[in-house]
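Below is one structure, written out as structure tokens; the observations come after it.
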């Protein structure tokens, strides 16, 4: 099974998770990944396989990490009736710090050092969010520039909706190369020889960010990878056939006398 980790993916490990929460090893990594998805009141609803690949761990190991974080109150679980998917959310920095401090001291009597630490946590969170935003914007620009070049379109990478859908796919673990593959494949199937869908719209109309990078992105990527694999197989067979061909013009024929 393909790894969920791509070469240009990354996540941020908050310094306070080590210094204040005392997390280490895979407990630290799992918490950091879930925390990264927990910004703006979001939840991490990814698969255990996603966490396994990022931590180079086993399913049983990840479950132990999650149970440990749940027991410490560092993450919370969202129960979705009728769903098999488990979603988790990391506690906010201030609420986690507050709950940890309350074990040994009154929240209302936090000393100057504690206040400084809290401010540093907020600064770190802002820095992490800023770093993420910069990465999303720069990646979105590369993707849209490539789309415009391949499909001869003129979309802008600065629009909020385009950044939103690209960010959603990046959060799911897809890489820049995955976007390139989808763009190239859909141009071959929809752009080279345009046709009309049942809606009456030309296939070229759908060579746009909203369609290519939307909810069907994973399906399009699967089609693209299958197409690439088939093309490579045909090339290999062609090369093999060439090697097996006999050059009759240069064969020396020996006769027995």
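Any read-out appearing in this document is the output of simple, stated calculations on the displayed coordinates, not a laboratory observation. Because the structure is predicted, anything quoted here is derived from the model rather than measured. Glycine also receives a Cβ, built like all others from the backbone with ideal geometry; neighbour counts cover every protein chain displayed.
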(request) Between residue 59 and residue 203, take the C-beta separation as r, use R0 = 45 Å, and let me know the FRET efficiency to the nearest 0.05. (result) 0.60
(request) Consider a paramagnetic label point 7 Å from the Cα of residue 11 along Cα→Cβ; state which residues of the stretch 156-197 have an amide N under 18 Å from it. (result) 167-176
(request) Would you compute the Debye intensity of the stretch 24-83 from its alpha-carbon atoms alone, equal scatterers and no solvent, and pass along log10 I(q)/I(0) at q = 0.13, 0.27 Å⁻¹ to two decimals? (result) -0.31, -1.30
(message) Suppose R0 equals 41 Å. What FRET efficiency, 1/(1 + (r/R0)^6) with r the Cβ-Cβ distance, do residue 188 and residue 48 give to the nearest 0.05?
(response) 0.70
(message) Let me understand the stretch 136-243 better: what is its radius of gyration from the alpha carbons, and its Dmax, in angstrom?
(response) 15.4, 53
(message) Using a Förster radius of 41 Å, what is the FRET efficiency between residue 235 and residue 145 based on their Cβ-Cβ separation? Nearest 0.05, please.
(response) 0.90
